Every structure is written in C-alpha cells, then in structure tokens.
Amino acid sequence: MSEHGASTERPVAGHNTPAQSNAISESLRDSNIRRRRGDRMIVASGEFQHAVDLAAGLARGTDSVVIAGPAGSGRRHIARAFHGWSPQSAGPLVEVAVDGLPEDQQRVALFGDSKAAGGCAEAASGTLLILNADQLGAGVRNRLAEVLRSRQYTAEGMAEPNPLRARVLATATSAEADVLPGAGMKCIAVSGLDQRKEDILPLAAHFLAEFATEEGLDPVGFTSDATEALSHTQWTGNVRELRSRIRQAVRLAGSGAISVEALMLASEGDDILSFKEAKRAFETRYVEGLLRRCSGNISRAARLAKKDRKDFYDVIRRTGVEPGQFRS
C-alpha cells in the first residue's frame with residue numbers, strides 16, 4: 001500500500017461468517033486467551049476482548065464505524081478482521097492513508113478525479129478503510145460526512161454523482177472526537193497496551209512464533225528476566241513497538257531463548273552499559289545470529305550483512321566469535 005494513496009487488499013481467506021466468528025472462542029494452553037480463527041486475533045485482556053466483541057457485533061450490520069485508539073494499538077488489525085466478519089467480505093478491502101496529505105489530495109484519494117479512481121470507487125461493494133481520519137481537513141470531513149448520509153459521492157471536477165456501495169470504516173486517535181460530524185458513525189474504542197497488560201506476553205509469544213518461523217528457527221521462548229522486562233516495560237508504541245522489538249530480538253538471539261539483552265530492555269535498577277560496551281554486545285549477538293543462520297559460512301553471512309567479506313571477518317575477530325561452532 002502506498003503511504004499517500006489507496007490500495008486494494010484481497011480478503012483474507014478462511015474467514016468465518018459473522019455468526020460463526022461471534023460464537024468461536026478457543027482456549028490456548030493454560031490461559032484464557034481466545035483466538036478468532038482465520039484472523040489470528042489474540043485476546044487476553046477484558047479491554048481488548050470488549051473491543052473485539054463489539055467489532056464482531058457491529059460487523060454484521062450496516063453502520064459506518066470509527067475504530068479509535070492510540071497509534072500502534074491494533075486499530076488496523078481490528079478493521080481487517082471487521083471486514084472479514086462482515087457481509088462485505090467478498091469484496092475488496094481498500095485502505096486510504098490521508099495523514100500528511102493536503103486537502104486537495106485527500107479529496108482525490110477518497111473520491112477520485114478524471115484521471116484516477118478514488119477509494120470510494122475502488123472499494124466497490126467491499127470496505128473502504130480511512131486511516132487516521134482525524135487528520136482529514138475540515139472541508140473534506142464535512143464532505144465525507146455528507147457522502148455517508150446521502151450514500152452518493154462525486155469525483156473531483158465531475159458533475160455526475162456516483163452511488164457509494166462500500167462500507168466505510170475509519171481509524172482515529174481519540175474516541176471522544178467526532179471524526180465525521182453528523183455522519184452517525186459507531187465507535188469502537190481500543191486501549192493502548194498500558195491498559196492491557198494481560199495482552200503483552202500472549203502477543204510476545206505469538207510474535208516470537210511468527211518471526212522464528214520466518215527465520216527458519218524453532219522458537220524456544222523467553223528467559224525469566226526477559227519475561228519480567230516485557231511485562232513491566234511501558235510500551236509507548238503499543239503493539240507495533242512490541243512486534244518490532246520481538247522481530248529484532250529473534251534475529252539477534254537466533255535459535256536460543258530470547259534474553260533481556262536481545263530485547264534491549266532494562267529495568268530501572270539495572271546497571272547501564274557504557275555506549276562502547278553496548279555496541280560490542282550488539283555486535284557479538286548480531287554476528288552470532290548471522291553465523292548461526294548461515295551455518296558458519298562467513299561469505300554468506302557477509303552478504304546478508306551487506307559488508308565486504310574482509311570487513312565482516314574483522315568484525316568477527318573483534319567480537320571473538322568462533323565461526324566453527326556454528327558449522328554442522
């Protein structure tokens with residue numbers, strides 16, 4: 001998807017009907033985590049469960065819906081699941097990012113013009129998802145609200161109106177803001193991870209399995225200090241930050257258990273490494289991870305690191321890592 005335009009995404013295969021999705025919940029291991037089949041929705045906290053249940057219920061109707069919460073909290077994930085649970089799931093899911101665009105480009109991205117179709121047309125009988133709709137200009141907000149009321153839109157520079165057949169979803173930062181005044185949109189509030197502590201470890205385990213599979217590794221788990229650090233870290237970037245941190249840690253740790261060092265997390269009382277020590281520790285973990293992945297093949301590891309073989313060998317020598325231990 002282009003950051004400054006619309007893109008069409010195919011519906012995710014394997015989604016259940018709305019009635020089935022509402023009824024399905026499955027116990028994982030010894031926790032009360034529930035995963036909605038087909039969309040891999042991981043739910044452990046009451047706050048997020050409420051948002052997911054509300055989304056599953058609203059998906060069966062026809063209302064336009066705004067999904068509100070802090071950036072990275074899972075708004076887009078819920079929107080994609082919403083589409084899969086809805087009667088519009090047979091049609092496309094079209095996402096339009098409007099933040100950072102001037103109003104004239106926002107209008108074209110949504111309504112199109114004589115040269116290009118906008119999101120309203122591309123979504124057809126599917127779902128139009130407007131990302132960060134609270135960043136729409138005031139004039140565009142009012143025009144979009146009128147489109148939702150009349151179920152008609154007119155492309156820029158054109159006179160003939162077109163019927164709006166798509167379901168409209170939007171993401172926004174604040175649940176209290178009236179994103180589209182008078183449009184009668186329903187709201188699903190999504191809390192940040194600071195209010196969903198129960199979700200942190202299940203999500204971390206989910207991301208660990210995902211990225212270990214990508215790297216061709218068998219996920220081992222987290223060390224006890226890593227589990228403690230994950231639970232007590234303030235994830236200001238929410239789920240997005242947690243996911244990124246786990247991906248980084250898997251690449252650093254390789255086939256071993258994920259340590260607090262690989263996660264690059266520290267508690268308030270922990271000793272802080274000097275910059276030089278932290279850099280050397282990072283280099284060591286990075287080299288070990290690459291050599292493990294390449295079975296000790298220095299030339300292949302250097303190519304993955306995008307470094308000259310001689311330069312990469314100098315890094316290996318500096319860290320004291322022995323490539324032979326990774327050769328099978």
Worksheet item: Among the residues of region 180-204 satisfying the criterion of being under 18 Å from the mean Cα position of the chain (by Cα) and assigned to a loop (DSSP other than H, G, I, E, B), which is nearest to residue 67 (Cα to Cα)?
Response: 190
Discussion item. Report every pair of residues separated by at least 6 positions or lying on different chains whose Cβ atoms are under 7 Å apart, first residue within region 33-51 and on the phi > 0 side of the Ramachandran plot and assigned by TED's automatic domain parsing to the domain that holds residue 76, second modelled with pLDDT under 90 and surrounded by 19 or more Cβ atoms within 10 Å (Cβ to Cβ).
Written reply: 38/15
Worksheet, complete the sentence: In region 147-188, anything free of Cβ contacts under 8 Å to residues at least 12 places away in the same chain and surrounded by 14 or more Cβ atoms within 10 Å (Cβ to Cβ) is listed as 178
Fill in: Scope region 75-121; condition among the charged types (D, E, K, R) and either in the same structural domain as residue 238 (by TED's automatic domain parsing) or closer than 30 Å to residue 53 by Cβ (or both); matching residues
75, 76, 80, 95, 99
Worksheet item: Is it fair to say residue 213 is surrounded by 17 or more Cβ atoms within 10 Å (Cβ to Cβ) and outside the structural domain of residue 78 (by TED's automatic domain parsing)?
Response: no
Worksheet item: Here are 212, 177: which of them is aliphatic (A, V, I, L, M), modelled with pLDDT under 90 and in a helix (DSSP H, G or I)?
Response: 212
Discussion item. Looking for something touching a Pro at 6+ places or on another chain (Cβ under 8 Å) and not acidic (Asp, Glu) - is there at least one such residue anywhere in region 104-115?
Written reply: no
Item to complete: Could you grab the pairs with beta carbons closer than 7 Å, sequence gap of 6+ or different chains, first residue in region 230-252 and closer than 18 Å to residue 42 by Cβ, second one acidic (Asp, Glu) and not in a helix (DSSP H, G or I)?
Response: 250/215
Practice prompt. Tell me, yes or no, whether region 110-118 has at least one residue that is of a type outside the set (Ser, Thr, Tyr), under 15 Å from the mean Cα position of the chain (by Cα) and modelled with pLDDT under 95.
Written response: no
Discussion item. Restricting to region 215-244, and then to whatever is part of a helix (DSSP H, G or I) and of a type in the set (S, T, N, Q), can you tell me which residue is nearest to residue 195 (Cα to Cα)?
Written reply: 238
Response to the item:
Those residues of region 281-312 that are in a helix (DSSP H, G or I), more than 18 Å from residue 258 (Cβ to Cβ), charged (D, E, K, R) and out of contact with any Lys or Arg (no Cβ under 8 Å at 6 or more places or on another chain) come to a total of 5
Discussion item. Going by what's in this entry, would residue 71 be described as surrounded by fewer than 19 Cβ atoms within 10 Å (Cβ to Cβ) and either assigned by TED's automatic domain parsing to the domain that holds residue 141 or part of a helix (DSSP H, G or I) (or both)?
Written reply: yes
Item to complete: Determine if region 95-109 includes at least one residue that is assigned to a helix (DSSP H, G or I), in contact with a strand residue (DSSP E or B) (Cβ under 9 Å, 6 or more places away or on another chain) and not aliphatic (A, V, I, L, M).
Response: yes
Discussion item. Against the condition modelled with pLDDT of 95 or more and not in a strand (DSSP E or B), how does residue 77 come out, does it pass?
Written reply: no
Worksheet entry | Candidate set from region 133-174 (those that are assigned to a strand (DSSP E or B) and under 19 Å from residue 81 (Cα atoms)); member that is farthest from the chain's Cα centre (by Cα) | 167
Worksheet item: Is it true that some residue in region 11-19 is surrounded by fewer than 18 Cβ atoms within 10 Å (Cβ to Cβ) and at pLDDT 90 or above?
Response: no
Response to the item:
Counted residues in region 192-208 being over 17 Å from residue 76 (Cβ atoms) and modelled with pLDDT under 90 come to 2
Practice prompt. May I ask you to verify whether residue 112 is in contact (Cβ under 8 Å) with a residue 24 or more places away in the chain and crowded, with 23+ Cβ neighbours inside 10 Å?
Written response: yes
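The values are calculated or read from the model by the stated rules, or taken from the named source; none is laboratory data. In this text the structure is predicted, and so the values were computed from the model without any measurement. When we count neighbours, we look across all protein chains shown, and the Cβ atoms used for this are built from the backbone with ideal geometry, even at glycine.
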